Amino acid sequence: MSLNFIPAKYLLRVYNTSYVLQGIIGDFISLNINHKKNQPSSCTVVLSDESKKDLFSLDGRLEVVRAVPNWDISWYKEWEGMFIGFDPISKSDGGIVNITASFVGLEDLIARRIVGYYPDTIYSTKNGMAEAVIKDYIEENMGATATAPPRIIDGVVSDLTIEADNGYGESTLSSSGFDSLLSTITSICDDNNLCFYIEGDSDGTAGFTFKVTDGIVGNNKTVDGLNPNTGLNSYGNVPVVFSEMFDNLENPQLTTIRADEKNVIISTSTGTGSDIGAYLSSNTSAMAESIYNQREVVVNVSTQDSTYNQLQSNSELQLEKNKYKVKISFTPKQTPTSSYGNHYWFGDVITASLFGTTTNFEITEVNITIGESEEAIQLTLEEYDG
């Protein structure tokens, strides 16, 4: 969904791994930024000045700042990450050099690690509340305690802080010896409606902090609990509403396909025969919509000694995750009263009113492309019912 052009400005702040400023770039050919929920973000910059390539060093930090002066959007940090190389440096027959510098978000630090412990140990098999389990994995594979032994190889990431536990999520059982660390925590987050990210510290140092949020990365800017006297929703925010009546969207589409729906979830433990534990959850109202609309699936909770409460919790979580959702898509228009970077941003939840239905959406992905004189923004939105 492409957002229409607005006169935005961008600057690139280039640092080394010690967070010492190497230079500021404003004259690039193109820039692309991708934010994505529970995945490392990315950025590519195309330059024509060959001398600029000397500003970059492996894993040196990049900060992209954005402003829209005509709409009173002051400079703010749109993206941050680390340099991973040039892809490619090219020269045309006429001698024109193009340098494509590639960057990854700070979450890529997680993708560089495995759960570096043998299976069936206290370091690889976790049983507790979801956020605490995630942060245990991060601490023991990236934090100060990620040392060998007991880890198979030292994994300590300098300057990493792990935010204190907030108690988010449900009871979780995870067995992940030698698995991808990123896949492990992404799976736990998806099952518990949690989000994670790594954020650069704001104190001018090279430090960064791993954080987990409950439900969304951004803010709830829906009409839920709207107070007509203050104009604020129940979360204290001004709602963002996309509607044809407000002329801030176009090309609306409604999708009601049920193919991915599951309304009977059987959560099981491993084992054989009668040793297998099981818990069944069902959405009887969804099943009753048609005499044939009973859609079943079995999900496994990994270990034979899963408790009844864990099976129940997992079954209910999967039932919520796989329920039928109406999908609405549209092309948002950038307007002075409904603009990206001011009224909403990556990770926010907004409201759309279309086809007689008012639905809340989470902005789960943002792709920004900047040419020599134009900005284009694409949003990916998923129905939100948190």
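Only the coordinates and a few stated rules stand behind these numbers; no lab work does. Worth saying up front: this structure is predicted, and the values here are computed from it rather than measured. Neighbour counts are summed over all protein chains in view; Cβ atoms, including those assigned to glycine, are modelled from backbone coordinates with ideal geometry.
A compact table of results
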read-out: Selection from VAL68, CYS43, GLY105, by position along the positive dipole direction of region 1-111 (Cβ); value: VAL68
read-out: Distribution of pairwise C-alpha distances over region 110-214, 10 Å bins, in %; value: 16, 50, 30, 4, 0
read-out: Segment ILE153-SER290, length gained on full extension (0.36 nm per residue, minus Cα span); value: 43.8 nm
read-out: Charge dipole of the chain about the Cα centre (unit charges at C-beta), most positive-ward option of SER92, GLY347, ILE134; value: SER92
read-out: Tail weight of P(r) past 13 Å, computed on alpha-carbon pairs of region 166-211, percent; value: 64 percent
read-out: Mean separation of Cα contacts under 8 Å, 6 or more apart, over the residue count of region 264-321: relative contact order %; value: 48 percent
read-out: Partners for LYS53 among lysines (Cα-Cα distance below 16 Å; same-chain residues under 8 apart left out); value: LYS91
read-out: Most mobile of ASN16, ASN367, ASN309 in a GNM of the chain (Cα contacts under 10 Å); value: ASN309
read-out: Cβ crowding within 10 Å averaged over residues, with 179-190, 374-385 ranked highest first; value: 179-190, 374-385
read-out: Leading residue at positive end of dipole, the chain (Cβ point charges), from GLN378, ALA278, THR186; value: GLN378
read-out: Relative contact order (%) - the chain, alpha-carbon pairs under 8 angstrom, separation at least six; value: 17 percent
read-out: Per-residue [θ]222 nm for the chain (sum of -39500 (n - 2.57) over DSSP H runs n ≥ 4, rounded to 500); value: -3500 deg cm²/dmol
read-out: Alpha carbon convex hull of region 2-103, projected area averaged over orientations, nm²; value: 7.9 nm²
read-out: For q = 0.15, 0.16 Å⁻¹, Debye-computed log10 I/I(0) when each Cα of region 296-386 counts as one equal scatterer; value: -0.74, -0.79
read-out: Descending semi-axes in Å of region 247-295, equivalent ellipsoid built from Cα gyration tensor; value: 36, 15, 9
read-out: Under 30 Å from LYS135, Cα to Cα: lysines that are on another chain or at least 8 residues apart; value: LYS36, LYS37, LYS77, LYS126, LYS211, LYS221, LYS321, LYS323
read-out: Quotient of C-alpha Rg and 2.2 N^0.38 Å, computed over region 264-321; value: 1.19
read-out: Region 13-168 - charge dipole about Cα centre, Lys and Arg +1 at Cβ, Asp and Glu -1, debye rounded to 20; value: 160 debye
read-out: Mean projection area, nm², convex hull over Cα of region 86-131; value: 5.4 nm²
read-out: Equivalent-ellipsoid semi-axes of region 206-275, from the Cα gyration tensor, Å, largest first; value: 38, 25, 15
